[in-house]
Every structure is written in structure tokens, then in C-alpha cells.
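Written out below as C-alpha cells is the structure these notes cover.
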Amino acid sequence: MNVISTHIGQPVSRIDGVAKVTGQAKYAAEAHPPGMLYGVVVNSPIARGRIETIHDAEARQVPGVIEVMTHLNRPHAALFEKSYMDGLGVPGVPYRPLHDGEIHFNGQPVAVVLAETFEAAREAAMVVRVDYERWPHNADFEVALHQKYMPSKTRSNYVPPKPRGDAAAAYALSAVKIEGRYHLAPEHHNPMEMHATTAIVEDDGTFTVWDKTQGPQAVQAYLASALSLSKDQVRVRNPYVGGAFGSGLRAVYNVFLATLAAEMLKRAVRVTLTRSQMFTHAFRPEAVMDIALGASRDGTLQSMIVKGVTDTSRFEHNIENIVIWGLINYKCPNATADYKVAPRDTYTSSDMRAPGAATGVNLLEMAIDEMAYACSMDPLAFRLHNYSDIDAMHDMPLTSKALRDAMAQGAQHFGWHDRSMMPGSMRDGRELIGWGMATGIWDAMFSPTSARARLGQDGRLHIATAASDIGTGTYTILAQTAAEAFGMPLDRIDVELGDSTLPECPTEGGSWTAASAGAAVWLACLSLRRKLIDMLARSENAPPWVKQDTVTLEGGILHDMTENGPVSLSLPDALSLAGYDALEAEETAKPGLRGKISQMRKARFTHSAVFCEVRVDPELDTVRVTRLLNAVAAGRIMNPKTAASQIRGAMVMATGMALHEESLMDERVDRFMNHNFAEYHIPAHADIPDMDVLFVNEHDDEVSPLGVKGIGEIGMCGTAAAIANAIFHATGRRYRNLPIMPGA
Ligand code: MOS
């Protein structure tokens, strides 16, 4: 759509910013219904086994304790495994909280203490004692690798790699070869807001559940199914979400337990996870990639062989697209990939910001840098030399790929051409300076989404869809979209999100929300605008100049030019004249909306080029990232301010991936042992350098109705590799494990 941008594309500040910084924005654990009980979860300290006895007498004597809910006394919940399937569709047997006495992973909830105060619940939770029968277990990834397999059923997003040519033969014949095992440590999402639920029993017996989730309708469907309720008996609300990064894609156990306890006691219940308990559910899987690259002496890639393994739980088969990205992104006549999962006795690994690509792109881009050096080529020149203008894995054209522009503009801004090729050659006193780069690629997805637009007598435009704003700026960009489509000042638009009763919207994730919810809001506003003018044109009371094809709606006023000069009509007057108190329209945006068949025959990706400067102190063994620049090609940018924040946030996270973040397993008990911010290190302010984000111009009519690709995840892809590659350039040493730690 050719949008003449008054609002879309403007660097508008967040419309929910004031509510957030003044505490008016209420999060899941901030609902405080009368008579609310506090629930504290008791977690299993063993990884595998069976509960023999639960000793809760002492806990029950703590003043204020109302109940200790366990698998023995909980109310009825659905029996069948499939009733606990959530929207993510991970095959296997979903974990069912408090289902029976069997323990599947360390940290599994075994009881919930419910009390009048949080302090009482916490005190009582500490004195619940459980006897277990202990079974053998393994969460050592190296051991799990021996049991790797490809599940017969996988998630719908998994695309088996399509081989081309004869990669093994071409590798054998290649003049230049590199081969190695690359590794990424598991990471936990650690959003600022911990997972929490406040479940309320309404007078009519229905539930209103305030939950920290990325998908209120997915949680509604899950709760209804798992608790054998009808969907209209459960309303899930999440108007504000303090970050999630994928930890809120699946229903977390607190939402099930809080709602179950509320049902049991017929009282409101709040269950909040502690920071330590945030390490008892979703995490980014540990991964290894065996990469072999072959090239001819002139730097032309001849062969790519990528074999990857990520971990999953013993009960579910979580798969990640880690091996495909290089096969898609690079021109190389012979390429093959293989992927398997390795089972461990942990909770199921899960999606975390750019799942698959954050792992696969970063590890592969480290290998590409090695190959460039093996060919004595500048890493940027090497990538340009092997650039693919199509999706090389599927031999499909792309809707757009402005990666060349991103590389060129990024290199220019960074000053890449002043770099000297030789590692260790750019010193500043004691410090070694390194410049590295990498490219990123991520899906540009679109999901069918509905939205409603409503014009009220107060002259305000109300937008509603069941999207979640997890801190990404969704409220703001949807208001901008509505303002643009309807012809309304931004400050006369209200956006309502995060409620399962609103028009259908997929779970927030995959960077598809801006494209999808944006398109739905766009259509709903155009529809409402047509409807309003139509009603007026047909009304006997309306002025005769109001006609669909000539009248303009701009700045929230209908106007036109007549023989007698300009005429106008306010929106409240327009509604009255048309005989309405309010008028609304609901529309659904679907792929293929614009009737272009090509949409289905083209692949769609977001791209980026990342440049990094590090300073390494060889005596102190420290690395400082001093400059990061991300040049992103992501189609239309709805709001450069919120978009740049998304990229910056992802670059901070990627800095953690490169240098800090690692969930360490204590293999004696198979528990992640550094489950706190003292020992799980995330980058702090002092670790964050000058960061630049630039968006290259990328016009794409086909990728989605508004030409939007999404920017929530692309900033992770390639950034960790650029840091690792810069460390090589500084030191001459290759590191193939992330994070790169002192002494590695
Ligand atoms: Mo994202 S890992 O799809 O929330």
C-alpha cells in the first residue's frame, strides 16, 4: 500500500511511556482483588523420580496458611495429555503441573502453599518436606549427544534442510577448508518482570486471569482445555508485559497453578515466580554445530556441511531451525545440513529471541569469518563475493534483500575500510583493538490477525486487538497506523491490547506483530472510515457535500472544497448526523491480502550487517565491546525510535550471548546452578558501548500488506558473531564456544 506517511515512519515516543514510568501501568502481579491469597510454589530438588510422601503438617501450622495444594488434593483437571498442548505445538507429552507424583525435571513444582500473606506462604513453603524415590537422570549435554535423534513429529515451523549438489565430494576437492565444532551455552530469558499470575473468581464463577504472557488467547485456550472449562469461562488479560523474549510463548506453570488454586478455594490467588524459579522453565537450548566449509583459492564457497544438535527434554521434542541459515543466505553450489535433538532430564528448552537463528546464524558467521581468513580475504569482501540474491536453499526468489546496502552503509558508517587485515595489528597502548563483522538473517513472518476500530461520540478512535506489547512498542505503532489510515491526530487514539476477549491475534512472537496487527488495524480503520462516510452520504440530515469519493478525513475532521468555499464537519457531529452514538468496524488481515500470487512463491527474510570494535587487554584477559553498529534491512520501519530500541536491546542481549550469559548445569543434581543475577551474568551499563542502528531503505510490497518485516529479533542475529570475530581480529585467537569467557 502506498502510504503517504504523516504518522507511520515517524519517531513517535511510546504512548504508554508515561503510564509505565509513573506506575499506572499494572502488571500481572499488581492486580489486588479483595480476599486475595498468595501462592508460593515448592519445587523439586531432584531431577527424576517419584514423590513418596509429602510432609505438610508443619507448613499448615504457619499462621495465615490456608492450604497446601499438591497432586494429592488438587481439584480435578483434564486427564488427557493433549488437553495440555499449548499454542506452540511442541510434540511429545506436555508437562502437566501437579498431575501426579512423577518428577521429570529439577525445579518441577510439587506443591503450592496458599496463605493470607506472601510472607506466611513463603515461610510455610520452606518447611514443606518431600520424600522422593530417586531415579537415574542425565542433563549433561555431552552425554545426551549420544542419544540424539530426529523426532518423527516436529513443530510446524521446522523446515527440513534441502541439500544441493554433492557437498561431501566438493569439500574433499576444495583447495581451502575449515572444519570445527561450534558451541553455544544454554541461556535463560530473564525478562525484568518475573512470570506471575493473579487469578480471580468472578461472582458468576468465571475466571479473570491476569498473566504475564505473550499470548492471552493462547493461555485462555490452554486454561480452558487443561481445566475442562469452556473458553467463555476464562478471560486472560496482559495489558502490560515487562519483557519476555519467548519465555511467555508457552503457558508457564504459575498460570495453571494460580487458576487451579483459585478454583479450589473459590478465592483470588496470586502466584509469582522468584528470579530463581525463572530458571525452572523455558531456556534457550544448548547447541553444537559441526561446520565444514570448502572454498576455491579465489574465495568462492564450494561446499557447506552443517550438522547441528540442540537439547530438548525427555518428554517433549523441541526443535530449532539452527542449520538452515547459511544454506539460505550464501551462494554455494554444494550444501547439506543435518539436525537432531538430544534429550536431557530438564524442562523443555524453548524459543528465545530469534530461536534457531540466534544460535545458527551466529555460529555459522563465526565459521564464515574463519573461512574468509583462510582465503586471505576481507570478511566483508568474502561475504559479498558469495552473496546470494535468492533463497539458495529453496531456490526461491525473495520479496527483497537489501543486505548489500546494509553491508555498504554499515561499513561506511563504521569506517570498516580503514581496518588492517592482520590480527593483532591495531593496538592502542596496552590494548589490542579488533574489528569484526557478520551478517544476520531472520524470517519476515505474517500471521492472520483481526482488529476492531470504533469511533465514539467523544470523537476518539478506539483500536482493539488481542495483541501483546511485551515492551516492543506495539501500542505506539498501532496508534500510528490507525492515525494514518483513519486521518486522526495521534492523541485522539486509544489502543487496547492484552485481553483474550478482543479480536483474534496470534501470540506475540517471531517478529510478526508489527506486520500482522499493523495490517489488521490498517484495514479496520479504512473500513470504518468508508462506513462512516457511507452512512453520512445516505443520511438525510448530513450535508450534501459528504460523498465517498471526494470527502477527506484529515486531522480528525471531515472536509471538502465546494463552490462556496471550504466545508467541514467534526467527527462527533458526523456521528450524530448519521444517527449513531458510535460506529465500529472489524477486519481480518490475511496473507495474500493484496492478491499477488507471487507472495506464496517468494521467500521472505529480514537482513542485517553488524560491525563491532572490541578492546582486549591481554594482561588482564578482559574484553570490552567499544563500538557496535547494526545496519538493518527490515522493509518499512513503522517508528524509527521504537525500532532502534528493539535493535539496541537485541544487541545488548547478543553481547550477553557473546561474553556473559551461560546457564551452568550442576550435573550431580541436574539443576541450573547459577539461578540468580549474582552468578548468571547479563551485560550491565558498563558493558554496553556506543551503539548505532541504521535502517536501510527497503521497499517491499510483497512481504506483508504494509511492507513491514518486523525488527524484534534480527538484532540478535550476527551480533554475537561480530563480537567473536572482532576478538579474533584483536588477538589472533579463534574461539568456537559462546560465551567467550576469561581464561577460555
Ligand atoms: Mo519470540 S522467541 O518468538 O518470543
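Tabulated results
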{"read-out": "Taking all pairs of distinct alpha-carbon atoms in the range 548-591, Kirkwood radius in angstrom", "value": "12.4 Å"}
{"read-out": "Å³ per residue enclosed by the Cα convex hull of the chain", "value": "169 Å³"}
{"read-out": "Two-decimal Rg/Rh across the range 458-550, once Rg and the Kirkwood Rh are taken from alpha-carbon atoms", "value": "1.06"}
{"read-out": "Per-peptide average of other Cβ atoms within 10 Å, ordering 560-568, 707-715 highest first", "value": "707-715, 560-568"}
{"read-out": "Residue 26 versus residue 275: modelled label distance in nm, points set 7 Å from Cα along the beta carbon direction", "value": "2.7 nm"}
{"read-out": "Intensity falloff of the range 610-709 expressed as log10 I(q)/I(0), Debye formula with alpha-carbon point scatterers, at q = 0.18, 0.21 Å⁻¹", "value": "-0.91, -1.05"}
{"read-out": "For the range 2-109: span of alpha carbons on each principal axis (Å, largest first)", "value": "67, 42, 26"}
{"read-out": "18 Å Cα-Cα threshold exceeded, pairs from 401/590; 401/709; 82/212", "value": "401/590; 82/212"}
{"read-out": "Which of 528, 542, 450, positive extreme of dipole for the range 450-542 (C-beta unit charges)", "value": "542"}
{"read-out": "Cα coordinate range in the range 360-487, projected on the principal axes (Å, largest first)", "value": "69, 44, 24"}
{"read-out": "Long-range HN-HN contacts of residue 249 with modeled amide H, under 5 Å", "value": "214"}
{"read-out": "P(r) weight above 25 Å for the range 151-278, C-alpha pairs, percent", "value": "46 percent"}
{"read-out": "5 Å-binned pair-distance histogram of the range 242-379 (Cα, whole percent)", "value": "2, 9, 16, 16, 14, 11, 9, 8, 6, 4, 3, 2, 1, 1, 0"}
{"read-out": "Debye-sum result for the range 51-125 in log10 I(q)/I(0), which assumes one identical scatterer on each alpha carbon, at q = 0.12, 0.19 Å⁻¹", "value": "-0.42, -0.86"}
{"read-out": "Protein accessible area in the range 310-364, 1.4 Å probe - carbon and sulfur %", "value": "52 percent"}
{"read-out": "About the Cα centre, charge dipole magnitude for the range 326-377 (Lys/Arg +1, Asp/Glu -1 at Cβ), debye", "value": "120 debye"}
{"read-out": "Fraction of beta bridges assigned by DSSP in the chain that are antiparallel (%, nearest 5)", "value": "75 percent"}
{"read-out": "Taking all pairs of distinct alpha-carbon atoms in the range 340-407, Kirkwood radius in angstrom", "value": "14.8 Å"}
{"read-out": "Packing-based ranking, highest mean first, of 274-282, 684-692, 466-474, 653-661 given that Cβ atoms within 10 Å are counted", "value": "466-474, 653-661, 274-282, 684-692"}
{"read-out": "Interchain or long-range residues, amide H under 5 Å from residue 396's placed H", "value": "391"}
{"read-out": "Assigned charges on the beta-carbon of Lys, Arg, Asp, Glu; the chain dipole about Cα centre (debye)", "value": "1160 debye"}
{"read-out": "For the range 496-648, average projected area of the Cα convex hull in nm²", "value": "15.8 nm²"}
{"read-out": "Extreme residue, positive dipole direction of the range 77-185, given options 103, 113, 152 (C-beta unit charges)", "value": "152"}
{"read-out": "Farthest toward positive dipole pole in the chain [+1 Lys/Arg, -1 Asp/Glu at C-beta], among 324, 300, 197", "value": "300"}
{"read-out": "Kirkwood-based Rg to Rh ratio, the range 655-744, C-alpha trace", "value": "1.10"}
{"read-out": "Cut-off under 5 Å, modelled amide H: who pairs with residue 111 long-range", "value": "42"}
{"read-out": "Value of D in µm² per second that Stokes-Einstein yields for the range 319-435, Kirkwood Rh from Cα pairs, at 25 °C (0.890 mPa s)", "value": "146 µm²/s"}
{"read-out": "Computed Rg/Rh of the range 75-219, alpha carbon atoms with Kirkwood Rh", "value": "1.07"}
{"read-out": "Debye log10 I(q)/I(0) at q = 0.20, 0.26, 0.31 Å⁻¹ for the range 85-134, Cα point scatterers", "value": "-0.84, -1.05, -1.24"}
{"read-out": "Size of charge dipole - the range 212-325 - debye, nearest 20, with Cβ of Lys, Arg +1 and Asp, Glu -1, no other charges", "value": "640 debye"}
{"read-out": "Estimated [θ] at 222 nm from DSSP helical runs (n ≥ 4, -39500 (n - 2.57)) normalised by residues in the chain, nearest 500", "value": "-7000 deg cm²/dmol"}
{"read-out": "Mean projected area (nm²) of the alpha-carbon convex hull when the range 630-685 is viewed from all directions", "value": "5.6 nm²"}
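The values are calculated or read from the model by the stated rules, or taken from the named source; none is laboratory data. Just so it is clear, the model here is predicted, and its values are computed rather than measured. Quick reminder, even Gly has a Cβ in these numbers, built from the backbone with ideal geometry, and neighbours come from all protein chains shown. SASA here: full protein model, heavy atoms, side chains in, ligands and nucleic acids out. Shrake-Rupley method; radii C 1.70, N 1.55, O 1.52, S 1.80 Å.
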